[in-house]
């Protein structure tokens, strides 16, 4: 069978770029994350379903720090732009609020109802809304950080690439970012089954590929990937890290030994994880 993307055949692409095919017990990992998220949403003081846009899914959940003037972390969930929600992704919030950060978990519309271009716009709108409004919840907009996993890692990369000054905002609105096991070359997605829902075209894949739109050297960036991810997926993280570093971005690459796509989703529940510690350090939080 002929290669259709880099050196991968169609059947190989379904393993390398469809995490559900690569991790057989993915549902059990998602259940752990969902349970931890539900517990945090119940026990933490929070402002839930705060709208930042017009659609029913353009909402954020805000978990404030106890003290005012806190740094704020905006988190984008994964799900290949077609599944998931903020309600299942507050699993890590307790560890960050306990160390003095305000956590904002952002929702967004999903394919096939919208395109990836629409979702990127919504993610950027969420960041802008937080910058303009988070002081009402006791946090400091001048200490705004973003993070996300999988499709959320892609949204982090696209937020970093945005020209914020065109939106009338400071160039350095984002003070630091963490992209966890993200999708950085959307050309690969064109060739696998999930694209029936995502509906990428060659043009929209180019428009929304972070490898083609690297960020300016403004905010420090952590790029994280699991050591047990398929090689094709890992290669995208390495390439994105390389391009960002060549652009002069202050980059750190974290490779979690044995980490696969779904275990990476739970990494931030471990305060001792190298990834979590790196994020604490980036945000100026105690370890």
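List the number of the failed condition for residue 63; all other conditions in (1) within 17 Å of residue 276 (Cβ to Cβ); (2) without any contact (Cβ under 8 Å) to a residue 60 or more places away in the chain; (3) out of contact with any helix residue (DSSP H, G or I) (no Cβ under 7 Å at 6 or more places or on another chain); (4) crowded, with 18+ Cβ neighbours inside 10 Å hold.
Failed condition: (3).
Given the structure, is residue 13 in contact (Cβ under 8 Å) with a residue 40 or more places away in the chain, closer than 22 Å to residue 187 by Cα and surrounded by 23 or more Cβ atoms within 10 Å (Cβ to Cβ)?
Against the criterion (in contact (Cβ under 8 Å) with a residue 40 or more places away in the chain, closer than 22 Å to residue 187 by Cα and surrounded by 23 or more Cβ atoms within 10 Å (Cβ to Cβ)), residue 13 qualifies.
Would you be able to tell me the number of residues in region 83-105 that are within 15 Å of the chain's Cα centre (by Cα), farther than 10 Å from residue 71 by Cα and either free of Cβ contacts under 8 Å to residues at least 12 places away in the same chain or crowded, with 20+ Cβ neighbours inside 10 Å (or both)?
Final tally of qualifying residues: 10.
Any idea which of (1) more than 17 Å from the chain's Cα centre (by Cα); (2) surrounded by 18 or more Cβ atoms within 10 Å (Cβ to Cβ); (3) touching a residue at least 60 places away in the same chain (Cβ under 8 Å); (4) farther than 24 Å from residue 224 by Cα is the one residue 111 doesn't satisfy?
(1)
Would a scan of region 158-167 turn up a residue that is surrounded by fewer than 18 Cβ atoms within 10 Å (Cβ to Cβ), part of a helix (DSSP H, G or I) and touching a helix residue (DSSP H, G or I) at 6+ places or on another chain (Cβ under 8 Å)?
Among the residues of region 158-167, at least one is surrounded by fewer than 18 Cβ atoms within 10 Å (Cβ to Cβ), part of a helix (DSSP H, G or I) and touching a helix residue (DSSP H, G or I) at 6+ places or on another chain (Cβ under 8 Å), which makes the answer yes.
If the requirement is being under 30 Å from residue 187 (Cα atoms), at pLDDT 95 or above and touching a strand residue (DSSP E or B) at 6+ places or on another chain (Cβ under 9 Å), which of these qualifies: 103, 74, 50, 116? Show your work before the answer.
Values: 103 fails: under 30 Å from residue 187 (Cα atoms); 50 fails: under 30 Å from residue 187 (Cα atoms); 116 fails: touching a strand residue (DSSP E or B) at 6+ places or on another chain (Cβ under 9 Å).
From the options 103, 74, 50, 116, the qualifying one is 74.
When you go through (1) at pLDDT 95 or above; (2) outside any strand (DSSP E or B); (3) within 16 Å of the chain's Cα centre (by Cα) one by one for residue 262, which number turns out not to apply?
Looking at each condition in turn, residue 262 falls short on (1).
Taking the stated definitions as given, is residue 91 closer than 29 Å to residue 272 by Cβ, modelled with pLDDT of 95 or more and part of a helix (DSSP H, G or I)?
Against the criterion (closer than 29 Å to residue 272 by Cβ, modelled with pLDDT of 95 or more and part of a helix (DSSP H, G or I)), residue 91 does not qualify.
Could you check, for region 216-231, whether at least one of its residues is modelled with pLDDT of 95 or more, surrounded by 23 or more Cβ atoms within 10 Å (Cβ to Cβ) and at positive phi?
Checked against the condition, which is being modelled with pLDDT of 95 or more, surrounded by 23 or more Cβ atoms within 10 Å (Cβ to Cβ) and at positive phi, region 216-231 yields no hits at all.
Which ranges mark the helices (runs of 4 or more DSSP H) fully within region 1-63 that have 2 or more residues being farther than 17 Å from residue 266 by Cβ?
10-16, 26-43
If only one of 32, 67 is over 24 Å from residue 144 (Cα atoms) and at pLDDT 95 or above, which one is it? Step through it out loud before you land on a result.
Details: 67 fails: over 24 Å from residue 144 (Cα atoms).
Residue meeting the stated conditions: 32.
Name the single residue that is nearest to residue 159 (Cα to Cα) among those in region 200-215 being touching a residue at least 40 places away in the same chain (Cβ under 8 Å) and surrounded by fewer than 19 Cβ atoms within 10 Å (Cβ to Cβ).
If we take residues in region 200-215 being touching a residue at least 40 places away in the same chain (Cβ under 8 Å) and surrounded by fewer than 19 Cβ atoms within 10 Å (Cβ to Cβ), then 213 is nearest to residue 159 (Cα to Cα).
Given the conditions (1) closer than 19 Å to residue 110 by Cβ; (2) surrounded by 14 or more Cβ atoms within 10 Å (Cβ to Cβ); (3) free of Cβ contacts under 8 Å to residues at least 40 places away in the same chain, and given that residue 21 satisfies all but one, which numbered condition is not satisfied?
Single failed check for residue 21: (1).
Only one of (1) surrounded by fewer than 18 Cβ atoms within 10 Å (Cβ to Cβ); (2) in contact with a helix residue (DSSP H, G or I) (Cβ under 8 Å, 6 or more places away or on another chain) fails for residue 51. Which number is that?
Just one mismatch for residue 51, condition (2).
The values are calculated or read from the model by the stated rules, or taken from the named source; none is laboratory data. This one's a predicted model, so the numbers in the text were calculated from it and none came from an experiment. Cβ: placed from backbone, ideal geometry, glycine included. Neighbour counts: every protein chain shown.
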